[in-house]
1. Could you list, in sequence order, the residues of region 74-87 that are small (Gly, Ala, Ser) and either loosely packed, with under 15 Cβ neighbours inside 10 Å or at negative phi (or both)?
2. Given the structure, is Glu116 of a type in the set (Asp, Glu), crowded, with 18+ Cβ neighbours inside 10 Å and closer than 19 Å to Pro24 by Cβ?
3. Is it true that Ile71 is in contact with an Asp or Glu (Cβ under 7 Å, 6 or more places away or on another chain), in a strand (DSSP E or B), touching a residue at least 24 places away in the same chain (Cβ under 8 Å) and surrounded by 19 or more Cβ atoms within 10 Å (Cβ to Cβ)?
4. Quick check, is Leu26 closer than 20 Å to Asp173 by Cβ and either of a type in the set (A, V, I, L, M) or not in a loop (DSSP other than H, G, I, E, B) (or both)?
5. For residues that are of a type outside the set (A, V, I, L, M, F, W, C) and modelled with pLDDT of 90 or more, tally how many sit in region 104-126.
6. What residue, of Ala51, Ala57, Ala61, is at pLDDT 95 or above, among the hydrophobic types (A, V, I, L, M, F, W, C) and in contact with a helix residue (DSSP H, G or I) (Cβ under 9 Å, 6 or more places away or on another chain)?
7. Any idea how many residues of region 87-133 are under 15 Å from Cys164 (Cα atoms) and in contact with a Lys or Arg (Cβ under 8 Å, 6 or more places away or on another chain)?
8. Within the group Gly84, Gly63, Gly14, Gly94, which residue is of a type outside the set (D, E, K, R), touching a strand residue (DSSP E or B) at 6+ places or on another chain (Cβ under 9 Å) and farther than 18 Å from Val126 by Cα?
Amino acid sequence: MFMGAVLRYSRLNGCSPAGMDTPPVLIEISIISGIPRHTVVGLANGAIREAMDRIRAAIAAVGLSFPRGAITINLAPADTRKEGSSFDLPIALGMLLADGQIECEHDVSSFVVMGELTLDGGVRSVRGVLPAIASASAVGITHFIVPEGNRNEALLLEDTHIHCVSHLAEAIDVVTGKRIPERPVQAQQRC
């Protein structure tokens, strides 16, 4: 009798800064039992491939375990180059969701998540947040998890639900429904 591997899967959105046109990137995480390894596919640059060490340390910093098994991270569309450290936070959240260590209160595929992780679980600001929010809003995405350091630009656009986080634990609280979004501030008229 064949015992197939159990597939654990999650998906959410990130963005790769590319000037003013910053379309969402679908991030799929697949974890199957087997020899521990991780593979990133979808034209990812070195900063994204190096993210695993930051992600491993950040997950440990919040008291959770780095998933065991064969981890595949797919960044789609596969034919578009992705760059930068803004994928750290969505990959970490996707791994924890796929591994069943956290449960989702929201449909996280309706979120765009951006942020670089520090080794102690902190979330550093990244470039391209405003264009990412504008591009994602144009295709109907209205929920965003972004670094606290990008607060001022993130809150510029109306009709969005923004979660500014400074730590991986806060992002986990957003995904699990323990934290509500901030209301965008209205732009003040200039004299």
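1. Ala76, Ala78, Ser85, Ser86 - these are the residues of region 74-87 that are small (Gly, Ala, Ser) and either loosely packed, with under 15 Cβ neighbours inside 10 Å or at negative phi (or both).
2. yes
3. When the stated conditions are applied, Ile71 does not pass them.
4. no
5. 8
6. So the residue among Ala51, Ala57, Ala61 that is at pLDDT 95 or above, among the hydrophobic types (A, V, I, L, M, F, W, C) and in contact with a helix residue (DSSP H, G or I) (Cβ under 9 Å, 6 or more places away or on another chain) is Ala61.
7. The qualifying residues number 3.
8. After applying the criteria, what remains is Gly94.
The values are calculated or read from the model by the stated rules, or taken from the named source; none is laboratory data. Because the structure is a prediction, the values reported are computed rather than measured. With ideal geometry, Cβ positions are generated from the backbone for all residues, glycine too; neighbour counts draw on all protein chains shown.
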